[in-house]
1. Is the shape of the range 2-72 best called rounded, prolate or oblate, per the rule: a/c under 1.5 gives rounded, else a/b larger than b/c gives prolate, else oblate, with a ≥ b ≥ c the square roots of the Cα gyration tensor eigenvalues?
2. For the range 178-260, give the magnitude of the charge dipole about the Cα centre (Cβ charges: +1 Lys/Arg, -1 Asp/Glu; no others), in debye to the nearest 20.
3. With the dipole of the chain worked out from charges on the C-beta (+1 for Lys and Arg, -1 for Asp and Glu) around the Cα centre, which of Q200, V241, H189 lies farthest toward the positive end?
4. Any chance you could tell me what percent of the C-alpha pair distances in the chain go past 33 Å?
5. Please give the per residue volume of the convex hull enclosing the alpha carbon atoms of the range 205-251, rounded to a whole number of Å³.
6. Where only protein heavy atoms count, and the probe is 1.4 Å, what is the accessible area per residue for the chain in Å²?
7. Under a Cβ-only charge scheme (Lys and Arg +1, Asp and Glu -1), can you give me the dipole magnitude of the chain about the Cα centre, in debye to the nearest 20?
8. If I build a Gaussian network model for the chain, linking alpha-carbon pairs within less than 10 angstrom, which residue out of L130, L177, L57 has the largest mean-square fluctuation?
Amino acid sequence: MKLENLARIDLNLLVILQILLEENSVTRAANRLNVSQSALSKSLNRLRETLGDPLFLRTAHGLKPTAHAVQLGNMLPQSLQGLYQLTLPPSFVPTNSTRQFSFAMVESAYETLIPYFIGPLLSKAPNLKLDSYVWTENSTQAIQQGQIDFGISGRDLHPQSAFQVDKLPEGISHQTLFTDEQVCLVRQHHPILTAMAAGQWSQDCYLNMQHVQVRCEGNDWWALDYHLADLGHHRRISTTVPDFYGAASICAHSDLIFTLPASFAKHAKKLYPLTQLPLPFEFMPLAYVLLWHQRNDDDPGHQWVKNMICQCVSSAFKQEVKRG
């Protein structure tokens, strides 16, 4: 399509052509358009010149469209409807929307968050298409470039963390969904459980153990490791894996200890014979945040999806707090 050719055409003439096709009369078409017959005749002449066809022949029973005009009449209603939709203010009706939204999420969000909002989203908007991808170090850039609509990432609230909500890339907005704490998992009957029962669970015990670590966004260190390094300590990370389930499985079949968000530990214990321990020292919580680009702030569809996610997660975690 050569847009420069389309720019030479007065699109109002297409509306006139559609009315003429419906009325087959210059008089009736002029009345509908609230213009004089002379003005309409001039517009018809411009149409003929633009399209290179007489379009209508005069008969005793009114105007008769030419074969080309009939062909145009088969395409015009849909084309004009599309142009009309472009003139309307943005809107979003969940029940009949067929829009597509994409998400990039950290692995733990698939267990801790997505079950809470995926059902409500699709129950109210059954024709939506939702595409999800694993969160990587390039996901923030994908949101900036419009390749991804939403991001969900778990971030340590530590000054040396690679992600700080007050220093987001240009154009990225965020909302905290919930905060979580770090806990530890070990296999059932792990020797450290005896020491813990004797009141000997301490930072030194923790640091002397061998650890399994999940590599996040290409980083082997978490904010916890930077925190310990500030204090002159280091964990003995003997195994690094790319996913939480792999780490939980290794933990269940070895003497390695796994430090992870409490919300995911709950799911890991359902799958593997693991025992949860508290982190034996004070450490700041982490936040799960929803990310999007500011260009979508006025888009009703984006607003609806964003609000649904936030409301569903907030409601779910309030219920969990009550049950706890």
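The values are calculated or read from the model by the stated rules, or taken from the named source; none is laboratory data. All figures in this text were calculated on a predicted structure; none of them were measured in a lab. Glycine gets a Cβ as well: all are built from the backbone with ideal geometry, and neighbour counts include every protein chain shown. Side chains are part of the model used for accessible areas, which takes the heavy atoms of the whole protein and leaves out ligands, DNA and RNA. Shrake-Rupley method; radii C 1.70, N 1.55, O 1.52, S 1.80 Å.
1. It is oblate, given that a/c is not under 1.5 and a/b is not larger than b/c.
2. 280 debye
3. Of Q200, V241, H189, it is V241.
4. 50 percent
5. Taking the convex hull of the Cα positions in the range 205-251, it is 70 Å³ per residue.
6. 54 Å²
7. It works out to roughly 1420 debye.
8. Taking springs between Cα atoms under 10 Å, the residue moving most is L57.
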